[in-house]
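As structure tokens, the structure follows; a few thoughts come after it.
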2 protein chains.
Amino acid sequence: MTASSAEERLARWRTALQAHGYRLTAARRAVLRVLARSERALDATQIFDLARRQAPGLGLVTVYRTLEALQALGLVQRVHCNTHCASYVAAEPGHQHLLVCRGCGRVWYFGGDDLGSLMQSVAGESGFVVEDHWLQLVGLCEACRQAEQAEGSRSGCKEEAVK
Amino acid sequence: MTASSAEERLARWRTALQAHGYRLTAARRAVLRVLARSERALDATQIFDLARRQAPGLGLVTVYRTLEALQALGLVQRVHCNTHCASYVAAEPGHQHLLVCRGCGRVWYFGGDDLGSLMQSVAGESGFVVEDHWLQLVGLCEACRQAEQAEGSRSGCKEEAVK
DNA sequence: CCTGAAACTGAAAATCGTTTTCAATACGAG
DNA sequence: CTCGTATTGAAAACGATTTTCAGTTTCAGG
Ligand SMILES: [Mn+2]
Ligand SMILES: [Mn+2]
Ligand SMILES: [Zn+2]
Ligand SMILES: [Zn+2]
């Protein structure tokens, strides 16, 4: 499901950052690596904890600043949910939406949604002009669904550890 | 577009709260009134400022607490956006989605979206089971679109004051 | 009407996530 | 290698939300 490989993304991101005058520092590279390789949306603290393993002196501030840069270039996108809306995931190029597993938190991408007729009907009634739409699906992935099957007997922890 | 009238909502909310053991205090009533009558999503501080006119001694804490109660009963819903996701709007009963005007912030409700086929195709490819979906449209309402027309000459403030 | 238990209140303090400030450091074009 | 500038992390500042707490109010029951 995940369209780009982590290494592809990483290369793309590095190029994009440099092309826009950003410098490639060790701290920044560690953050990029974590985010590019993650299958799930991560918030600043989670990125911090993971990236710190590769870049010991890393500061949480730098995570925030790198996220800001990546977002400005459209390389990552925020993932909203019922609780906090402060997690980020790699953005695939082009128009796409997210599919989030409520079990493991992993994220898939999909496009090919046709909301054209819906938007027209909405616009038709009132004088409203729809400029943007925002769609997110939540469900259970194959793995988590099977894990939920084998539940009942055990108090299974369906949340997989973050790498 | 707005399905229920403000007074309908207010009555419904009061009943629901009392049915669940919540008490109807002056402070709480003021918050309810503001939210039930608002055409746009409001955050805690905006509710506080509006409700304080009717309930002078009102504390911001009570606004938070009332929002929590309303949300627990599914009477209000959070509105997400690019910036902060801390605004709330009355939730219409049943499945529906939001249409938000980026000009004035007013909110409309709509249903009748058919995402069944989309969800099936997503589910078909992987073993994913879609359990919920979440859709929000952003655009310009009739009034704000016209106001934007008459712009160009003036530096028109398209944001209408909050009641 | 009273009464009392429990829910509710607002002020203040605590806490959380994020941003700003700043002096020291590292990047990378030349 | 050199230098101008972007970047760094620590600490302080910040805004939004939550917790604590002692006094107040609601409302079911008598
Ligand atoms: Mn789409
Ligand atoms: Mn729907
Ligand atoms: Zn899963
Ligand atoms: Zn959100």
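Amide H to amide H, which residues 5 or more places from residue B:106 or on other chains are under 5 Å from it, using H placed in the peptide plane?
Here B:101 satisfy the definition.
Skipping prolines and chain starts, which residues have an amide H placed within reach, meaning under 5 Å, of the one on residue B:87, given they are 5 or more residues away or on another chain?
When sequence neighbours closer than 5 places are left aside, the close amide H contacts are B:79.
Just need log10 I(q)/I(0) for segment B:26-112 at q = 0.10, 0.25 Å⁻¹, Debye formula, equal scatterers on the alpha-carbon atoms, no solvent, rounded to two decimals.
-0.24, -1.30
For a paramagnetic label modelled at 7 Å from the Cα of residue A:150 toward its Cβ, which residues of segment B:109-135 fall within the zone defined by backbone nitrogen distances under 19 Å?
Residues passing the 19 Å test: B:127-129.
Placing the label point 7 Å from Cα along the Cα-to-Cβ direction, what are the distances from residue B:54 to the equivalent spots in the other copies, shortest first, in nm to one decimal?
The projected label point of residue B:54 is separated from its counterparts by 5.4 nm.
Using a label position 7 Å from Cα in the Cα→Cβ direction, what is the ascending list of nm distances from residue B:5 to the same site in the other copies?
So the label point of residue B:5 gives 6.5 nm to the other copies.
Can you report the principal axis dimensions of the protein assembly as shown using only the alpha carbons, biggest first, rounded to whole angstrom?
Computed over the protein assembly as shown, the largest-to-smallest principal extents equal 66, 56, 44 Å.
I need the Debye-formula profile for chain A: one equal scatterer per C-alpha, no solvent, reported as log10 I(q)/I(0) at q = 0.12, 0.16, 0.19 1/Å, two decimals.
Each listed q maps to, in turn, -0.64, -0.99, -1.21.
Coordinate-derived values only; no laboratory data. Every value quoted in this text rests on a predicted model; they were computed, and no experiment measured them. Reconstructed Cβ throughout: ideal geometry from the backbone, glycine too, with neighbour counts over all protein chains shown.
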